[in-house]
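Okay, structure first, notes after.
The values are calculated or read from the model by the stated rules, or taken from the named source; none is laboratory data. Predicted model, so just to flag it, every value in this text is computed and none were measured. Neighbour counts are summed over all protein chains in view; Cβ atoms, including those assigned to glycine, are modelled from backbone coordinates with ideal geometry.
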Amino acid sequence: MNSKKKRNHSAKQIQDKLFICFCVAVTFLSVSALVVLLVTIAKQSVGHLDFDLLTSYPSRHPEKAGIKAAMWGTVWVCTICVLIAIPIGTATSIYLEEFARKNKLTRFIELNISNLAGVPSIVYGILGLTVFARMFGVFGTVNDPFVEVGDPTSFWYFRLPLGSSIIVGGLTLALVVLPIIIVSSREAIRSVPNSLREASLAIGATKWETVRKVVLPQAAPGILTGAILSTSRAIGEAAPLLVIGGFLFIRFTPANVFDDFTAMPLQIYNWASRPQEEFHAVAAAAIIVLLILLLLFNGTAAIIRYKFQKVKIK
Amino acid sequence: MTNIKMTNKQLLLTTILTAFVGTSAIANDNSKLRGSVKIDGSSTVYPITEAVAEEFAEEAPRVRVTVGISGTGGGFKRFSAGEIDISDASRPIKATEEKVCTEAGLEFIEVPVAYDGLTIVVNKENDWCNALTVDQIKKMFLDGSTAKTWQDIDSSWPAMPLKLYSPGTDSGTFDYFKEVVAGKTGSIRSDMSVSEDDNVLVRGVAGDKGGIGFFGCAYFFENTDKLKAVAVHNGTANVMPNSESIESGEYAPFSRPLFIYVNKEALAKPAVKIFVDYYIDNAGDMAEEVGYVRLPEDIYNRVRSNIATMKTGTQFLDDEGEKVHGALAAVYK
């Protein structure tokens with residue numbers, strides 16, 4: 001009886017060890033896939049990954065081709081996307097979690113948001129083209145705008161319809177990432193212990209004060225994780241930008257949010273599908289820059305998250 | 001490889017020299033010119049437009065030229081909506097697209113800029129197939145074809161499995177191939193390896209002894225060490241695709257013209273007019289540099305006179321809106 005129990009025990013220990021081995025193997029598998037990817041791209045990009053790449057415009061000569069316009073386009077579009085999507089996404093999830101009554105309507109909204117997270121991004125591109133870029137045609141066309149203020153090269157230029165511009169790229173990408181932000185922010189808000197809310201309300205705080213001073217600081221790290229995930233998605237999107245009419249060959253950097261733009265995924269896609277092998281190398285170098293840019297965006301979010309984690313109520 | 005690089009460098013040198021001579025002669029005219037030229041459309045035509053725009057930036061640095069790659073169909077949509085000045089197209093405008101332009105009250109000038117030769121390629125180790133007739137190509141690619149091995153096409157060929165590689169069905173390249181092989185009503189079989197990226201097709205055929213595929217000649221010219229081109233029987237003789245046979249029209253029926261469509265109203269803007277003139281003057285050189293084939297000088301001259309007389313509309317549709325078939329030199333007046 002006793003020895004049987006012991007055997008059973010050691011069998012379980014072996015099982016336990018096997019499971020740990022399995023977990024380590026799986027982790028290494030995904031990490032090594034990333035390493036292989038990075039090494040092949042880095043190897044391919046040798047000779048093109050230099051400062052000239054960042055300061056040159058597109059060219060038919062691979063050795064002269066650069067990503068200046070594409071890089072600034074991506075920075076502008078993604079910044080606008082984040083500035084629009086995070087406040088709206090967070091506000092939506094606060095409403096749904098803290099204020100909305102749990103009835104059929106809110107369940108319907110919730111279901112739709114989860115479904116929207118799975119819609120292919122090109123669909124948002126078509127939406128962005130009709131709603132933001134052309135504005136259903138009620139304000140005329142870009143060449144003959146209904147409202148136009150200032151010189152197209154000045155910083156305060158304004159125009160309706162918005163046209164295929166940076167602001168439309170940002171708005172469209174915001175649509176793409178909004179469902180992701182909402183889903184992850186709600187998850188973060190839900191994980192704030194109810195006892196904290198009750199304590200806050202018990203000492204006389206209003207609901208708004210509770211949300212602002214207790215729930216939000218507690219949920220902020222989780223919300224920012226969602227923001228990081230969505231930036232990573234937005235920075236790599238090519239299809240919706242192509243549909244709303246993002247350009248590819250541009251020899252100037254944006255002057256205002258109504259300027260024409262191009263983005264790095266478009267440029268990379270075009271170079272990678274060119275017949276000349278030298279262009280594939282330029283594409284590889286651009287991919288490295290895109291990854292670094294992504295790290296910068298995410299690094300900023302990570303620093304903010306760290307700050308929030310420090311002010312957490314103990 | 002070094003040879004190719006040498007020619008590239010020589011080309012570069014010549015271009016720089018020509019650009020230098022060109023700018024010094026007319027620098028006073030365009031260096032202060034301002035304005036914008038918006039272009040969108042085919043990604044096949046994009047490399048030529050990009051090359052012209054790059055050179056143009058040396059001559060008129062203050063003109064903001066932007067080029068997109070929405071595809072031929074997408075480009076025409078933006079063109080007819082009045083959002084862009086010029087539409088790149090890897091095929092002539094369709095009757096439906098022309099109708100949208102007419103309804104919007106938009107007139108355009110049709111400008112052929114270069115040739116692309118659709119090249120049929122096989123594996124390097126394929127030593128049996130050197131030439132194909134259009135009928136044999138039909139036997140391989142038409143919908144309903146039961147050919148599974150090369151022997152099914154020609155009984156003297158080995159029983160090697162026949163593997164077909166094709167560009168994406170949304171591309172102008174596929175459209176053109178389909179029109180030649182299947183005609184207006186037929187369709188192409190669907191059991192092929194399809195990729196939007198022609199480099200994937202290059203790798204596919206290069207690694208598959210029984211493979212056969214087709215794409216623009218630029219992809220073949222870059223990969224002559226990996227692939228073998230097949231001559232196509234044009235009715236009188238077997239012709240290999242190269243710049244001479246494509247330019248002369250001998251390489252039929254698979255050589256296709258590439259176009260830009262210019263909005264007539266936009267041509268009133270000095271920046272657009274000077275850009276289009278510059279495009280026509282340099283299209284041949286730039287096309288060759290990026291892997292396409294120049295048009296005969298005669299056709300560029302026809303284009304120049306059409307722009308001078310503002311001849312609008314397409315010449316590839318007849319009065320009933322039916323497509324006009326035939327070689328570019330015969331159709332484009």
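Structural remarks
- Tallying residues that are of a type outside the set (S, T, N, Q), within 14 Å of another protein chain (Cβ to nearest Cβ) and loosely packed, with under 15 Cβ neighbours inside 10 Å within the stretch B:216-250 yields 1.
Here's the yes/no breakdown for (1) modelled with pLDDT of 90 or more; (2) in a helix (DSSP H, G or I); (3) under 27 Å from the mean Cα position of the chain (by Cα); (4) not assigned by TED's automatic domain parsing to the domain that holds A:LEU242:
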| site | (1), (2), (3), (4) |
| --- | --- |
| A:ARG7 | no, yes, no, yes |
| A:ALA11 | no, yes, no, yes |
| A:CYS23 | yes, yes, no, yes |
| A:ILE80 | yes, yes, yes, no |
| A:PRO87 | yes, yes, yes, no |
| A:ILE94 | yes, yes, yes, no |
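- Checking each residue in the stretch A:247-280 for being part of a loop (DSSP other than H, G, I, E, B), within 18 Å of A:LYS68 (Cβ to Cβ) and of a type outside the set (Gly, Ala, Ser) picks out A:ILE250, A:ARG251, A:PHE252, A:THR253, A:PRO254, A:ASN256, A:ASP259, A:ASP260, A:PHE261, A:THR262.
- Yes/no for B:VAL331 being surrounded by fewer than 18 Cβ atoms within 10 Å (Cβ to Cβ), out of contact with any helix residue (DSSP H, G or I) (no Cβ under 9 Å at 6 or more places or on another chain) and on the phi < 0 side of the Ramachandran plot: yes
- Residue count, the stretch A:108-150 (criterion: over 26 Å from the mean Cα position of the chain (by Cα), more than 11 Å from chain B (Cβ to nearest Cβ) and at negative phi): 7
- Residue check, B:ASP170 charged (D, E, K, R), under 27 Å from B:LYS94 (Cα atoms) and in a loop (DSSP other than H, G, I, E, B): yes
- For the stretch A:51-78, the set of residues classified as part of a loop (DSSP other than H, G, I, E, B) and either closer than 21 Å to A:LEU173 by Cβ or outside the structural domain of A:GLU278 (by TED's automatic domain parsing) (or both) consists of A:ILE67 only.
Matching residues to (1) farther than 23 Å from B:PRO270 by Cβ; (2) more than 10 Å from chain A (Cβ to nearest Cβ); (3) among the basic types (Lys, Arg); (4) not in a loop (DSSP other than H, G, I, E, B):
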{"residue": "B:PRO61", "(1), (2), (3), (4)": "no, no, no, no"}
{"residue": "B:ARG64", "(1), (2), (3), (4)": "no, no, yes, yes"}
{"residue": "B:LYS77", "(1), (2), (3), (4)": "yes, no, yes, yes"}
{"residue": "B:GLY82", "(1), (2), (3), (4)": "no, no, no, no"}
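- A count restricted to the stretch A:263-298 and to residues that are within 21 Å of B:GLY73 (Cα to Cα), surrounded by 21 or more Cβ atoms within 10 Å (Cβ to Cβ) and at the interface with chain B (Cβ under 8 Å from one of its Cβ atoms) stands at 3.
- At least 3 residues being in the same structural domain as B:ILE153 (by TED's automatic domain parsing) is the threshold, and among the helices (runs of 4 or more DSSP H) wholly inside the stretch B:188-307 those reaching it are B:198-206, B:217-221, B:243-248.
- The residue list A:THR225, A:THR206, A:THR210 contains one member that is under 23 Å from the mean Cα position of the chain (by Cα) and polar (S, T, N, Q), which is A:THR225.
- Among the candidates A:LEU296, A:LEU229, the residue that is in the same structural domain as A:GLY128 (by TED's automatic domain parsing) and either within 30 Å of B:ALA218 (Cα to Cα) or without any contact (Cβ under 8 Å) to a residue 12 or more places away in the chain (or both) is uniquely A:LEU296.
- Failed item, numbered, when A:LEU241 is tested on (1) away from every other protein chain (no Cβ under 14 Å); (2) closer than 30 Å to A:THR90 by Cβ: (1)
- Among (1) surrounded by fewer than 23 Cβ atoms within 10 Å (Cβ to Cβ); (2) in contact with a Pro (Cβ under 8 Å, 6 or more places away or on another chain), the one test that B:GLY117 misses: (1)
- Qualifying position, being in contact with a strand residue (DSSP E or B) (Cβ under 6 Å, 6 or more places away or on another chain) and touching a residue at least 40 places away in the same chain (Cβ under 8 Å), among A:LEU196, A:LEU266, A:LEU241: A:LEU266
- Reported count of residues in the stretch A:19-54, each being more than 14 Å from every other protein chain (Cβ to nearest Cβ) and touching a helix residue (DSSP H, G or I) at 6+ places or on another chain (Cβ under 7 Å), is 7.
- Residue-level check: of (1) at pLDDT 90 or above; (2) within 20 Å of the chain's Cα centre (by Cα), B:PRO161 misses just (2).
- Long-range neighbours under 6 Å by Cβ, at least six apart or interchain, first residue at the interface with chain B (Cβ under 10 Å from one of its Cβ atoms) within the stretch A:152-165, second surrounded by fewer than 16 Cβ atoms within 10 Å (Cβ to Cβ) and assigned to a loop (DSSP other than H, G, I, E, B): A:THR153/A:ALA255
- Out of B:THR119, B:THR133, B:THR102, B:THR96, one residue alone is of a type outside the set (Phe, Trp, Tyr) and within 13 Å of chain A (Cβ to nearest Cβ). It is B:THR119.
- Residue, surrounded by the fewest Cβ atoms within 10 Å (Cβ to Cβ), within the stretch B:28-43, restricted to residues that are of a type in the set (A, V, I, L, M, F, W, C) and in a strand (DSSP E or B): B:VAL37
- Count of residues meeting criterion [touching a residue at least 60 places away in the same chain (Cβ under 8 Å), farther than 25 Å from A:ALA239 by Cα and at the interface with chain A (Cβ under 10 Å from one of its Cβ atoms)] in the stretch B:46-59: 3
- Tabulated pairs, the stretch A:55-81, first within 14 Å of chain B (Cβ to nearest Cβ), second assigned to a helix (DSSP H, G or I) and aromatic (Phe, Trp, Tyr), C-beta under 8 angstrom, 6+ apart or interchain: A:PRO62/A:PHE279; A:ALA65/A:TRP271; A:ALA65/A:PHE279
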